[in-house]
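Enquirer: Got a structure here, written out as structure tokens. Questions coming.
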């Protein structure tokens, strides 16, 4: 059986309780459990794909990008920026040349039913320790790779003018930037699998959007290939995000996704 493992954003800024700028509660335990599964299954896993959030310091989802009429930047984690906010002058880009582009951006988010633009603390800044992979996962994939295998690393988020929760495509793809558009090589590889194990951070956002985008481009009959390792993925800590994670899991179970845990899968 061809088993592929998709690990979403197992990076220090999400997984390190001491230094992670956007630490997801219990993520370090998620990664430890996942590392045991990788070592236990080893050669039974045909391919490992690891997505990597990769942001610039100045990004539309970071506070420094936006300003209000009093010259203050938005508070991260609790600020969403909508079409009405921009119409009413509540928030505007620090760079006025980007106003029209950002106004059209938030309108498109609303039209397509994606999340409102959320302001986060700066995280996974390119070439910083926070963007590096959790140490337990590094050790496990080193064992898995052996002398002949390679991990497929999938970077996302380096375009500072669109959010990129999903590893499959950006929230609003930039027609001038292929890295924000549908990742057909990843989808085509996953379609050839018999089972696709899903794990990573955070369940409420990057995991949820990645799985939804896979399902929406997979064909309903293939969704049963997806297996969420529920003890290797956690939501961002606020109650609203916990509810978003629960809604995602229930939605995808209804569409055919299966649930397992790292200690019970293939036992």
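Enquirer: Given q = 0.10, 0.11, 0.18 Å⁻¹, what are the Debye log10 I(q)/I(0) values for segment 124-267, with equal point scatterers placed on the Cα positions and solvent ignored?
Expert: For segment 124-267 at q = 0.10, 0.11, 0.18 Å⁻¹, log10 I(q)/I(0) is -0.37, -0.46, -1.29.
Enquirer: Applying 1/(1 + (r/R0)^6) with R0 = 51 Å to the Cβ-Cβ distance of residue 110 and residue 42, what FRET efficiency is obtained, to the nearest 0.05?
Expert: Working: r = 46 Å, r/R0 = 0.90.
In this case the efficiency is close to 0.65.
Enquirer: Hey, could you grab the Kirkwood Rh for segment 95-209? Inverse mean 1/r over distinct alpha carbon pairs, Å, one decimal. Could the numbers behind the result be given before it?
Expert: Working: mean 1/r = 0.0604 Å⁻¹.
Radius from the Kirkwood sum: 16.6 Å.
Enquirer: Using the beta-carbon distance between residue 18 and residue 261 and R0 = 30 Å, what value does 1/(1 + (r/R0)^6) give for FRET efficiency, to the nearest 0.05?
Expert: After rounding to 0.05, the efficiency reads 0.70.
Enquirer: Here is a follow-up. Using Cα pairs under 8 angstrom and six or more residues apart, how large is the relative contact order of segment 197-267, in percent?
Expert: Numbers: 88 pairs, mean separation 29.3, N = 71.
Over segment 197-267, the number comes to 41 percent.
Enquirer: Still on this model: Return the FRET efficiency for the residue pair residue 142, residue 243: r is the Cβ-Cβ distance, R0 is 41 Å, and the value is rounded to the nearest 0.05.
Expert: Values: r = 37 Å, r/R0 = 0.90.
Computed FRET efficiency for residue 142 and residue 243: 0.65.
Enquirer: Can you work out the base-10 log of I(q)/I(0) for segment 1-140 at q = 0.08, 0.10, 0.11, 0.21 1/Å, using the Debye formula on its C-alpha atoms alone?
Expert: Listed by q, the Debye log ratios stand at -0.31, -0.46, -0.54, -1.17.
Enquirer: What area, in nm² and to one decimal, does the C-alpha convex hull of segment 63-118 cast on average over all directions? Walk me through the intermediate numbers first.
Expert: Working: hull surface 14.4 nm².
Value for segment 63-118: 3.6 nm².
Enquirer: Specify the inter-centroid distance of segment 99-148 and segment 34-66, based on alpha-carbon positions, in whole Å.
Expert: 7 Å
Enquirer: Please figure out what share of the DSSP beta bridges in the chain is antiparallel and state it in percent, rounded to the nearest 5.
Expert: Values: 5 of 29 bridges.
Roughly 15 percent of the DSSP beta bridges within the chain come out antiparallel.
Enquirer: If the chain between residue 194 and residue 222 were fully stretched, how many nm would it gain, using 0.36 nm times the residue separation less the Cα-Cα distance?
Expert: Length gained, residue 194 through residue 222: 9.2 nm.
Enquirer: Below 8 Å, C-alpha to C-alpha, sequence gap of six or more: please give me the relative contact order for segment 63-118 in percent. Before the final figure, lay out the partial values.
Expert: Working: 61 pairs, mean separation 20.9, N = 56.
Once divided by the residue count of segment 63-118, the mean separation gives 37 percent.
Enquirer: Please report, for the Cα atoms of the chain, the Rg to one decimal and the Dmax as a whole number; what are they, in angstrom?
Expert: Cα only, the chain: 18.4, 60 Å (Rg, Dmax).
Enquirer: If contacts are Cα pairs under 8 angstrom and at least 6 residues apart, what is the relative contact order of the chain in percent?
Expert: Details: 530 pairs, mean separation 68.4, N = 267.
Relative contact order here is 26 percent.
Enquirer: Rounding to the nearest 10 and keeping the result within 0 to 90°, find how far the Cα-based axis of helix 27-41 lies from the longest principal axis of the chain.
Expert: Approximately 30 degrees, to the nearest 10.
Enquirer: Also, quick follow-up: Nearest 10 degrees, 0 to 90: what angle lies between the long axis of helix 206-216 and the longest principal axis of the chain (Cα atoms)?
Expert: Tilt relative to the chain: about 80 degrees.
Coordinate-derived values only; no laboratory data. Small disclaimer: the values here were computed from a predicted structure and weren't measured. Every residue, glycine among them, receives a Cβ derived from its backbone with ideal geometry; neighbour counts consider all protein chains shown.
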